[in-house]
Amino acid sequence: MGNKIVFGKVEAISLLVIIMTTQLFISFPRFVAEKAGTAGWILIIYLTVISLLLFLAISNMYKNFQGKDILDIGEYVGGNIGRIFVGLVIIIGYMFIIPGVLREFSDGLKIITLDKTPIGFVMIFFLLGMITAAFYGIEPITRFSAIIVPIVAAAFILIIVGVIPSFDTDNIFPIMGKGAYQMFIKGIPNISIFSGISLLFILPPFLNSFDCFKKTGIYSILLSGFFLTAGTVIYTLSIPYPASTEVTMPMYTLARTIDWGRFFTRIESVFVFAWATSAFIYLGIVLFFIVYVFKKTFKLKYHTPLIFPMSVLIFTFALIPKSMMDVFWLESKIFRAYAWIITFGMPMIFLIAASLIKKKKGAIQNEKKN
């Protein structure tokens with residue numbers, strides 16, 4: 001694998017949209033209901049705007065470092081120590097996220113169809129898929145994402161259309177849910193729902209221009225924000241609060257309520273297809289980036305020998321929570337509370353430092369010329 005691999009906006013946007021919206025198929029609607037009550041959709045729109053503004057600020061600083069990823073920026077600021085620090089923070093962050101996602105998808109599949117199968121065997125099913133995807137590398141996964149996103153979007157729209165008969169507009173009242181303070185002040189750390197955008201800060205070497213980088217980020221956040229908002233709206237309209245905070249698999253539960261007569265039964269199978277496909281892409285690409293970042297952090301020659309040991313670690317960590325509720329708790333209280341620091345805080349701090357260093361170097365060179 002090398003940086004000769006280059007892909008465009010469509011592939012990159014598809015990849016990031018999958019990464020940021022896959023959460024919609026697991027616990028996300030429940031999480032939003034817990035945080036904002038009946039006003040979850042307003043919270044998502046608010047967080048989308050904040051995330052977009054933060055990304056624009058970061059991308060404007062990236063303009064002076066075209067083609068460099070966040071690891072290169074870390075090295076520019078602090079040499080090897082800076083690169084290793086940034087790399088380790090990213091790796092630790094991903095290694096906290098991916099076992100939880102693996103466990104949630106595995107528990108979900110166990111609930112849907114494999115209720116008597118030990119959770120370890122179910123996880124191996126997903127683990128083999130993510131290992132295979134990581135071995136193939138970023139290019140095939142990205143191309144595949146561009147094909148799958150429209151299909152998953154169509155399946156999602158099918159679910160929306162199907163649950164319309166169960167909508168109750170009274171469910172969105174009170175319109176401000178748990179209150180403005182709860183949403184607009186205490187809700188700010190929840191920009192972590194867009195933590196998937198952190199992958200974009202590793203992608204510059206694979207993108208053909210700064211314009212591609214910036215537009216990819218903007219479109220990815222807007223599209224993801226749209227799907228997350230739409231999913232939250234249909235969930236709120238279908239299941240009243242506070243019952244909405246108690247559903248284990250929100251979107252699957254909605255899909256099971258669809259009834260189009262005797263000739264169109266088991267519509268939830270469409271959901272399961274979209275759900276499983278998104279899971280494999282998500283898990284595969286995150287595993288690939290973990291080993292890629294590890295390789296670049298420590299300047300190793302190959303990344304493929306790292307895939308299996310990292311997979312074993314992920315599998316082991318995923319077995320630690322005793323139940324799906326423990327995973328929900330870790331996700332809500334820890335990951336979603338602090339992931340924004342890695343996603344937006346760290347790139348901003350290092351880019352500000354890099355910009356100041358570059359400006360200082362430029363001033364010194366000008367003095368020498370004069």
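The values are calculated or read from the model by the stated rules, or taken from the named source; none is laboratory data. Predicted model only: the values in this text are computed from it and were never measured. Cβ atoms come from the backbone with ideal geometry, glycine included; neighbour counts cover every protein chain shown. To get the accessible areas, we keep the full protein, side chains included, count just its heavy atoms, and leave off ligands, DNA and RNA. Shrake-Rupley method; radii C 1.70, N 1.55, O 1.52, S 1.80 Å.
Residues in segment 201-225 that are under 17 Å from the mean Cα position of the chain (by Cα), among the hydrophobic types (A, V, I, L, M, F, W, C) and open to solvent by 20 Å² or more (accessible area, probe 1.4 Å): I218, L222, L223. Scanning segment 91-104 for residues that are touching a residue at least 24 places away in the same chain (Cβ under 8 Å) and open to solvent by 40 Å² or more (accessible area, probe 1.4 Å) returns a single hit, F96.
What are the residues in segment 157-200 that are on the phi > 0 side of the Ramachandran plot and surrounded by fewer than 16 Cβ atoms within 10 Å (Cβ to Cβ), if any?
Of the residues in segment 157-200, the ones on the phi > 0 side of the Ramachandran plot are 177, 179.
The answer is G179, and nothing else.
Can you run down the residue pairs with Cβ atoms below 6 Å, 6 or more apart or on separate chains, where the first is in segment 46-60 and closer than 12 Å to K214 by Cα and the partner is surrounded by fewer than 19 Cβ atoms within 10 Å (Cβ to Cβ) and hydrophobic (A, V, I, L, M, F, W, C)? Matching pairs, first to second residue: I58/M348.
With respect to (1) open to solvent by less than 40 Å² (accessible area, probe 1.4 Å); (2) out of contact with any Gly (no Cβ under 9 Å at 6 or more places or on another chain); (3) closer than 25 Å to G93 by Cα, the lone exception for A146 is condition (3).
Could you name every one of the helices (runs of 4 or more DSSP H) located completely within segment 280-370 that has at least 1 residues being among the small types (G, A, S)? Talk me through it step by step, then tell me what you get.
On the way: elements: 304-318, 324-330, 336-340, 346-369.
The helices (runs of 4 or more DSSP H) meeting that bar are 304-318, 336-340, 346-369.
Within the set T113, T22, T38, the sole residue that is of a type in the set (S, T, N, Q), in contact with a Ser or Thr (Cβ under 7 Å, 6 or more places away or on another chain) and modelled with pLDDT under 90 turns out to be T22.
Screening L88 against (1) out of contact with any strand residue (DSSP E or B) (no Cβ under 9 Å at 6 or more places or on another chain); (2) open to solvent by less than 40 Å² (accessible area, probe 1.4 Å); (3) in contact (Cβ under 8 Å) with a residue 12 or more places away in the chain leaves a single unmet condition, (2). Residues in segment 141-199 that are over 30 Å from G129 (Cα atoms) and hydroxyl-bearing (S, T, Y): S166, T169, Y181. Among the residues of segment 18-33, the ones that are open to solvent by 10 Å² or more (accessible area, probe 1.4 Å) and either of a type in the set (V, I, T) or without any contact (Cβ under 8 Å) to a residue 60 or more places away in the chain (or both) come to 3 in all. Looking at (1) under 16 Å from L47 (Cα atoms); (2) assigned to a helix (DSSP H, G or I); (3) among the charged types (D, E, K, R), find the lone condition where K214 falls short. Result: K214 passes all but (1). How many residues does segment 247-279 hold that are part of a helix (DSSP H, G or I), modelled with pLDDT of 75 or more and over 22 Å from M123 (Cβ atoms)? Of the residues in segment 247-279, 4 are part of a helix (DSSP H, G or I), modelled with pLDDT of 75 or more and over 22 Å from M123 (Cβ atoms). Which one of these does L319 not meet: (1) surrounded by fewer than 16 Cβ atoms within 10 Å (Cβ to Cβ); (2) within 22 Å of the chain's Cα centre (by Cα); (3) at pLDDT below 85; (4) over 30 Å from L71 (Cα atoms)? L319 satisfies every listed condition except (3). Exactly one residue out of F126, F135 is open to solvent by less than 60 Å² (accessible area, probe 1.4 Å), out of contact with any Pro (no Cβ under 7 Å at 6 or more places or on another chain) and part of a helix (DSSP H, G or I): that is F126.
Could you go through segment 290-304 and let me know if any residue there is closer than 21 Å to V122 by Cα, open to solvent by 60 Å² or more (accessible area, probe 1.4 Å) and either of a type outside the set (S, T, N, Q) or modelled with pLDDT of 95 or more (or both).
Step one: of segment 290-304, the residues closer than 21 Å to V122 by Cα are none.
Among the residues of segment 290-304, not one is closer than 21 Å to V122 by Cα, open to solvent by 60 Å² or more (accessible area, probe 1.4 Å) and either of a type outside the set (S, T, N, Q) or modelled with pLDDT of 95 or more (or both), which makes the answer no.
F65 meets all of the listed conditions (1) aromatic (F, W, Y); (2) farther than 26 Å from Y136 by Cβ; (3) open to solvent by 40 Å² or more (accessible area, probe 1.4 Å) but one, namely (3).
Scanning segment 39-62 for residues that are open to solvent by less than 10 Å² (accessible area, probe 1.4 Å) and of a type in the set (S, T, Y) returns S51, S59, Y62.
Screening the candidates F344, F335 for the property of being buried (at least 21 other Cβ atoms within 10 Å of the Cβ) and within 20 Å of I197 (Cβ to Cβ) yields one hit, F344.
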